Amino acid sequence: MSGVPGSDECVVVGGGPAGLAAARTAARHGVHVTLVDENAELGGQYYRQMPAGFSAAPGSALGRETIEGRRLIEEVRGADVELRLETVAWGIFDERTVAVATREASSLISARTLVLAPGAIDRPVPFPGWTTPGVLTAGGAQNLMKAYGVLPGRRVIIAGSGPLLFVVAHYLLQGGAKVVAICEASPMRQLWRYAPRMLPHLDFVQQGYRYRQEIKDAGVPFLTGHVIRRALGATQVTGAVISRCDDDWSPIEGTEESFDVDAIVVGYGFVSSVELARLAGCQHAWDADLGGWTAVRNRDLESTVPGVFIAGDGAGVAGSAVALEEGHLAGLAVAGRAGRLTGRAYSREISRARGRLLHLAGFRRVMDQLFRFGPGIYTLADGETTLCRCEEVPVMDALQATREGAVEVNEVKAWTRIGMGRCQGRMCGPALAHLIARATGHSVADAGVFTPRPPVKPVALEALAREGA
Amino acid sequence: MSGDDLRMTGAAQRGPALAIVVDGVPVTAYGGESIAAALMAAGQPVMRWTAHAGQPRGYFCGMGVCQDCLVTVDDHPNVRACMTPVREGLRVATQQGLGDLGVSR
């Protein structure tokens, strides 16, 4: 790869709610935007669109988020936004030069401002059998159903925490699958305590109530204070073992129950995708409520690297409503930086967006308390359980490394190959940090985070060698 | 959900039906589906066997991150089934280990 990098006013990485909103707002104010996304369709995970040739049947459950997303996508498509789809942003160099690649070729784009909106991934939680085909994440299950109308199984158990479990159950039920149980790890006691702070957010509460009612009507057991313990089946899932758990989500021995299922959907919250921001040199801090390592940002959502803004779940997991608003705010800040939005108009727009974010933050704090992440979930794995899915390294190798003196994830990586595979440690990193913290008695933050290396996603050498993506 | 596959009936209108070939056997798919969606719909969640322990793996994260749904497509190994669309006649092989690049190592 060689040549003079193309230069652009603003590059947005990520075509989900945050990236779409940032691109739309910046473009509306006359900024020329290039939007990069790895998928063939815009929308990210939450607004995932069906492929060309597919459509949700009228009145179908699959439609709601898709339709909301399509409106935003059409605004972006109608604006001065250069779309680069099926294009992975695999590195950031010199702070604001983005390296991108398609399947065939690669190139560099230098930008005056950069908006990173990479989103989040389901928090991977190792447990015995979690690599068995038929175990899948809540996000993966949703994509399968939302984009393609395909069920992950006929008899399905859902385990995890948070409102997304209801959404997954809703799709499964609409598709005709049998949901044998929903295991919510949080105790969800004394819900009345949250009522006053939920009142300003009735729309969310009502949506949650509708999902709850649907589950009740379908006769699906909703088991609070329960976790997945084990996936059964040699080559694919044939059953699931669950048990009660305590308030920090540690399983309680002797309370196990088994179910015959052909799919296990697991969703213990989300972790931000921070690899690109870290490559750009943005400072991160540990925030357990926001899903772990979170970019440090100012009120304009600008990171510690000037001109690099980070919006949405990629900078702390807060959901799609916050992501939309943050994307909009970042778009305004980009327009301001480009001199396209100034003076009173700028201040007015910015303070409106900040006001709406403040309103949403109240709801988010309630959800954070209600579904407070329990690190006990990382005791589900036993020594034999695969920790690093790529390199096939079990938990006991990580524990052995800590006994030999490792106190940080990158040390364990160098000694054991955990985190050295194709996923670049995304699947094992959070669990490894918690295992180290438990073994050393230090904090999870002290256990550190894998150093990201370009390419942050696998890119074929053939594509790297050919310029012109 | 119909009797023989995991596609939701009534919920979605699909693209045109086509045939892909999975380990030598024709499998029905619909234009626009990902390879992973077609395999899951066909009740075939095993997409590869790992290099060291020979364990089965399949569709896990569903968003191109976990690298577990790697299959060999038209003799190209390590293709993410969840991110790659089907087309008529596409040859998918359950991947063994690291896959065969067709060059000697």
- Taking the condition part of a helix (DSSP H, G or I) and either touching a His at 6+ places or on another chain (Cβ under 7 Å) or closer than 23 Å to A:HIS284 by Cα (or both), does A:GLU349 pass? no
- Item | Sole exception among (1) farther than 24 Å from A:GLY175 by Cα; (2) outside any loop (DSSP other than H, G, I, E, B); (3) of a type in the set (A, V, I, L, M, F, W, C) for B:ALA51, by number | (2)
- Collect the residues in segment B:48-84 that are hydrophobic (A, V, I, L, M, F, W, C) and at the interface with chain A (Cβ under 7 Å from one of its Cβ atoms), keeping them in residue-number order. B:ALA53, B:PHE60, B:CYS61, B:MET63, B:VAL65, B:CYS66
- Within segment A:258-277, of all residues that are under 30 Å from A:VAL100 (Cβ atoms) and among the hydroxyl-bearing types (Ser, Thr, Tyr), the one surrounded by the most Cβ atoms within 10 Å (Cβ to Cβ) is A:SER272
- Query: Which one of A:ARG103, A:ARG48 is surrounded by 22 or more Cβ atoms within 10 Å (Cβ to Cβ), of a type outside the set (A, V, I, L, M), within 26 Å of B:GLY15 (Cβ to Cβ) and facing chain B (nearest Cβ under 10 Å)?
  - Reply: A:ARG48
- Determine whether A:VAL115 is buried (at least 24 other Cβ atoms within 10 Å of the Cβ) and more than 14 Å from chain B (Cβ to nearest Cβ). yes
- Which of the following residues is in contact with a helix residue (DSSP H, G or I) (Cβ under 8 Å, 6 or more places away or on another chain), of a type in the set (Val, Ile, Thr) and assigned by TED's automatic domain parsing to the domain that holds A:GLY336: A:THR97, A:THR87, A:THR66? A:THR66
- Task: Scan segment A:127-140 and give yes if some residue there is within 11 Å of another protein chain (Cβ to nearest Cβ), within 24 Å of A:ARG210 (Cα to Cα) and either among the charged types (D, E, K, R) or touching a Leu at 6+ places or on another chain (Cβ under 9 Å) (or both), otherwise no.
- Result: yes
- Residues of segment B:18-43 satisfying the condition of being surrounded by fewer than 20 Cβ atoms within 10 Å (Cβ to Cβ), outside any strand (DSSP E or B) and either within 7 Å of another protein chain (Cβ to nearest Cβ) or not hydrophobic (A, V, I, L, M, F, W, C) (or both): B:ASP23, B:GLY24, B:GLY31, B:GLY43
- Query: When you scan segment B:1-15, how many residues do you find that are over 16 Å from the mean Cα position of the chain (by Cα) and more than 7 Å from every other protein chain (Cβ to nearest Cβ)?
  - Reply: 4
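To keep it simple, each residue is scored yes or no on (1) in contact with a strand residue (DSSP E or B) (Cβ under 7 Å, 6 or more places away or on another chain); (2) surrounded by fewer than 18 Cβ atoms within 10 Å (Cβ to Cβ).
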site: A:ARG348; (1), (2): no, yes
site: A:SER351; (1), (2): no, yes
site: A:LEU357; (1), (2): no, no
site: A:MET367; (1), (2): no, no
site: A:PHE371; (1), (2): no, no
site: A:LEU380; (1), (2): yes, no
site: A:GLU391; (1), (2): no, no
- Note on the structure: Residues of segment A:237-261 being out of contact with any strand residue (DSSP E or B) (no Cβ under 7 Å at 6 or more places or on another chain) and not acidic (Asp, Glu), in sequence order, are A:SER250, A:GLY254
- Task: Select the helices (runs of 4 or more DSSP H) contained entirely in segment A:359-451, then report the ones holding at least 1 residues which are under 30 Å from A:LEU324 (Cα atoms) and touching a helix residue (DSSP H, G or I) at 6+ places or on another chain (Cβ under 6 Å).
- Result: A:429-440
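Quick one: would you say A:GLU302 is touching a helix residue (DSSP H, G or I) at 6+ places or on another chain (Cβ under 9 Å) and of a type in the set (Asp, Glu)?
Yes, satisfied.
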- Query: Hey, among the residues in segment A:140-181 that are surrounded by fewer than 24 Cβ atoms within 10 Å (Cβ to Cβ), touching a Phe, Trp or Tyr at 6+ places or on another chain (Cβ under 6 Å) and not in a helix (DSSP H, G or I), which one's modelled with the lowest pLDDT?
  - Reply: A:GLY162
- Query: Does segment A:432-458 hold any residues that are within 13 Å of chain B (Cβ to nearest Cβ) and crowded, with 24+ Cβ neighbours inside 10 Å, and which are they?
  - Reply: none
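The values are calculated or read from the model by the stated rules, or taken from the named source; none is laboratory data. These numbers come from a predicted model, not from an experiment. Note that each Cβ is placed from the backbone with ideal geometry, even for glycine, and that neighbours are counted across all protein chains shown.
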